[in-house]
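Written out below as structure tokens is the structure these notes cover.
Just so it is clear, none of the values below were taken in a lab; they were calculated from the coordinates. Owing to the predicted nature of the structure, the values given are computational and were not obtained by experimental measurement. Quick reminder, even Gly has a Cβ in these numbers, built from the backbone with ideal geometry, and neighbours come from all protein chains shown.
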Amino acid sequence: MDTVLSGIRSTGNLHLGNYFGAVKNFIKMQEENNCYFFIADYHSLTTYPTPEDLHNSVKSVLAEYLATGLNPEKSAIYVQSDVREIPELYLLLNMNAYVGELERTTSFKDKVRTQPNNVNAGLLTYPVLMAADILIHKSHKVPVGKDQEQNLEMARKFAKRFNHMYKVDYFPEPQPYNFGEQLVKVPGLDGTGKMGKTAGNGIYLIDEDKAIQKKVMRAVTDSGPTELNSLISEPIQNLFTLMSLVSTPDTVEFFKEKYANCEIRYGDMKKQLAEDIIKFVTPIRKRILEIKEDNEYLRKVAEQGAEKARASASKTLKEVREIIGFRKF
Ligand code: TYM
């Protein structure tokens, strides 16, 4: 059986991008694999949450994981900071990670460009911490969206480097896991780019009906098709992509035809899209709210998950320490 690991940063609530890009696959994966799903709360420190926000976000993501169908009886669902072996492996891997290669990663270069006043060392070594998350369970497969592809490549590099350096065949090289489907990129509502937590262009699983309606009705469109069968512009294509995730194929087809005939009214399309998103999100939101109320259940799940994760992590770390030469007299 393969070991699968995946994580979500606790920098806010889960949005439709997280759900359709990652979580939906997690639910399928847990049926066939030895799965570890965790909440990356150490990673969220690069954005300096207040202690209250940090705690609340971790709790929200845990409740959201459970509400979408992750099963704590089948998989280990845990909080990253509950597994202290991860930071130790991170320290060890850092010794063989080169500043030059870390500076060249796309996400680091983006941060340097977008927030030049806060280029902290945690951002530089973000891929090393991610590699530690993955390698601590000797994971074979890691489900990720397109945006995390390079980080996974770095994890493979560090695994290979460790094996080579100590002349062992210890860490597997973790592969992306996407059921042979293409990596999904769920678009945002602002006409361009992906749905993201920081972009403020997202619909969250916890959003109320009114908020969803408002966001969808405000989504960027264009001035409408003027020629029969004209090419669909990016903002409109994004609306169709979202529609294909939550609406029936007939509905998508109906609006595609209207577009091709130049009869489309974006207001009608948005109304339908909002309705279908609400239909999809409402039962999940209800479960999230119920689960969030049940502190005792959340505590139990997190404890049970941490215990499973620590058992696997401490075994790996013990072996790694032995390989490196930290041995008893
Ligand atoms: P994060 O929290 O940004 O995203 C979690 C997962 O959701 C996917 N995702 C998307 N997929 C498609 N379309 C979108 N618009 C979209 N937005 C997000 C992401 O690809 C990801 O799979 N660094 C990671 C967390 C992490 C991790 C790990 C993941 C830490 N350690 C080890 C895997 C393995 C992150 O920030 O993901």
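Which percent of Cα pairs goes in each bin when the distances of the range 71-141 are cut into 10 angstrom slices starting at zero?
18, 41, 30, 10, 1
If the viscosity is 1.002 mPa s and the temperature 20 °C, what translational diffusion coefficient in µm²/s does Stokes-Einstein give for the range 1-88 when Rh comes from Kirkwood over Cα pairs?
161
Using DSSP to call loops (not H, G, I, E or B), can you name the GluC sites (Glu not before Pro) in the range 36-98 whose Cβ has at most 15 other Cβ atoms within 10 angstrom? Can you show the working numbers first?
Working: sites: Glu52, Glu64, Glu73, Glu85, Glu88; in loops: Glu73.
For GluC sites (Glu not before Pro) across the range 36-98 that sit outside H, G, I, E and B with at most 15 neighbouring Cβ atoms in 10 Å, the list reads Glu73.
Taking amide H atoms as placed 1.01 Å from N in the peptide plane, list the residues 5 or more away in sequence, or in a different chain, whose amide H sits under 5 Å from that of Cys35.
Here Val4, Ala76 satisfy the definition.
Among Val252, Val79, Val142, which one shows the biggest mean-square fluctuation in a GNM of the chain, springs joining Cα atoms closer than 10 Å?
Taking springs between Cα atoms under 10 Å, the residue moving most is Val252.
Work out the charge dipole of the chain with +1 on the Cβ of Lys and Arg and -1 on the Cβ of Asp and Glu about the Cα centre, then indicate which of Ser44, Ile8, Met154 is farthest towards its positive end.
Met154
State the volume of the convex hull built on the alpha-carbon positions of the range 209-289, expressed per residue in Å³ and rounded to an integer.
82
As a test, work out the antiparallel percent of DSSP beta bridges whose residues both lie in the chain, rounded to the nearest 5.
10
Amide H to amide H, which residues 5 or more places from Gly7 or on other chains are under 5 Å from it, using H placed in the peptide plane?
Phe38
Mind checking the dipole of the range 209-289: about its Cα centre, +1 per Lys or Arg Cβ, -1 per Asp or Glu Cβ, Debye to the nearest 20?
700
When all alpha-carbon pairs of the chain are counted, what percent fall beyond 33 Å?
32
Please identify the chymotrypsin sites (Phe, Trp or Tyr not before Pro) of the range 275-328 that satisfy two criteria: DSSP loop assignment and at most 15 other Cβ atoms within 10 Å. Which are they?
Hits after loop and neighbour filter: Phe326.
Calculate, in nm to one decimal, what Lys318 and Asn163 gain on full extension: separation in residues at 0.36 nm each, minus their alpha carbon distance.
Fully extending the segment from Lys318 to Asn163 adds 54.2 nm.
With +1 assigned to the C-beta of every Lys and Arg and -1 to the C-beta of every Asp and Glu, and no other charges, what is the dipole magnitude of the chain about the Cα centre in debye, to the nearest 20?
About 800 debye.
Would you mind ranking Ile39, Ile291 so that the residue whose beta carbon has the fewest other beta carbons within 10 Å leads the list?
Ordered from fewest to most neighbouring Cβ atoms within 10 Å, Ile39, Ile291 come out as Ile291, Ile39.
Quickly rank 109-118, 12-21 as a protection proxy: mean count of other C-beta atoms within 10 Å, highest first.
Packing proxy ranking, top to bottom: 12-21, 109-118.
Beyond a 26 Å Cα-Cα separation, which of these cross-linked pairs lie in this structure: Lys214/Lys300; Lys28/Lys138; Lys214/Lys279; Lys28/Lys286; Lys74/Lys315; Lys109/Lys194? If you can, show how the numbers build up before the last one.
On the way: Lys214/Lys300 37 Å; Lys28/Lys138 21 Å; Lys214/Lys279 15 Å; Lys28/Lys286 22 Å; Lys74/Lys315 20 Å; Lys109/Lys194 18 Å.
Long pairs (Cα-Cα over 26 Å): Lys214/Lys300.
What residue among Pro87, Ala260, Gly224 has its Cα farthest toward the positive end of the dipole of the chain, where the charges are +1 on Lys, Arg and -1 on Asp, Glu, each on the Cβ?
Positive-end residue among those listed: Pro87.
As a test of the definition: which semi-axes, in Å, follow for the range 15-151 when you take the square root of five times each eigenvalue of its alpha carbon gyration tensor? Largest first, please.
26, 18, 16
Of Arg84, Arg285, Arg161, how do they rank once you tally other Cβ atoms within 10 Å and put the fewest first?
Fewest-to-most ranking of Arg84, Arg285, Arg161: Arg84, Arg161, Arg285.
Treat the count of other C-beta atoms within 10 Å as a stand-in for reagent exposure and order Leu242, Leu135, Leu91 from fewest to most.
Leu91, Leu242, Leu135
Divide by every residue of the chain the summed helix terms, -39500 (n - 2.57) for each DSSP H run of at least 4, and state the resulting mean residue ellipticity at 222 nm, rounded to the nearest 500 deg cm²/dmol.
Per the formula, -16500 deg cm²/dmol.
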